[in-house]
């Protein structure tokens, strides 16, 4: 399209010839050539439709925050993201179409947010206790197996004689969890 616009603007070709040669729609080519306020590259890059309410930079920051919270096992719900979008618009003095009474962005904005950021998806998380999240690190696992090897060498029992009596039957994990925003394709989504 850029080459076709340049060819018509420099009078190398006419509309019809350029449209056939570069295989672009003639009507679109005419509209782009007549718009002399922008370069051909800018004309081709522009998208139709309403612009996002928050802008690309703020939305990218919101996406990074969603990933960060997901990695820390505190996944954000849809309502959290809609509320944050409203607060970001207010804090940055951005004119927005969001509801002032409810103090949140709408479902239409959220659908557009997910379309503009296809790396995000709404997922059902698995529950995990805070103790397990904090305790599962390289140092604690290594110290557990060091201790475990010492104890196994002391007792000299066969493996079928070892029993796990650690479970109490009391769960410290929430049973009902709301869906959270996480990375698309991630194998396990966990929340505390």
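Looking across the stretch 154-186, the residues that are under 25 Å from the mean Cα position of the chain (by Cα), in a loop (DSSP other than H, G, I, E, B) and at pLDDT 70 or above come down to 177, 178, 179, 184, 185, 186. Restricting the stretch 22-41 to residues that are within 34 Å of the chain's Cα centre (by Cα) and over 13 Å from residue 3 (Cα atoms) leaves a set whose member that is modelled with the lowest pLDDT is 38. Only one entry in 3, 62 is farther than 30 Å from residue 120 by Cβ and not in a loop (DSSP other than H, G, I, E, B), namely 3. Among the candidates 114, 86, 74, the residue that is in the same structural domain as residue 184 (by TED's automatic domain parsing), in contact with a strand residue (DSSP E or B) (Cβ under 8 Å, 6 or more places away or on another chain) and closer than 11 Å to residue 53 by Cα is uniquely 86.
Considering only residues in the stretch 86-123 that are surrounded by 14 or more Cβ atoms within 10 Å (Cβ to Cβ) and part of a strand (DSSP E or B), the one that is farthest from the chain's Cα centre (by Cα) turns out to be 104.
Taking the conditions (1) surrounded by 12 or more Cβ atoms within 10 Å (Cβ to Cβ); (2) under 21 Å from residue 180 (Cβ atoms) in turn, residue 68 satisfies each one other than (1). Out of 48, 54, 76, which single residue is under 30 Å from residue 189 (Cα atoms) and more than 14 Å from the chain's Cα centre (by Cα)? 54 is the lone residue from the list that is under 30 Å from residue 189 (Cα atoms) and more than 14 Å from the chain's Cα centre (by Cα).
The values are calculated or read from the model by the stated rules, or taken from the named source; none is laboratory data. As the structure is a prediction and not an experimental result, all values here were calculated from the model. Virtual Cβ from ideal backbone geometry, glycine too; neighbours counted across all protein chains shown.
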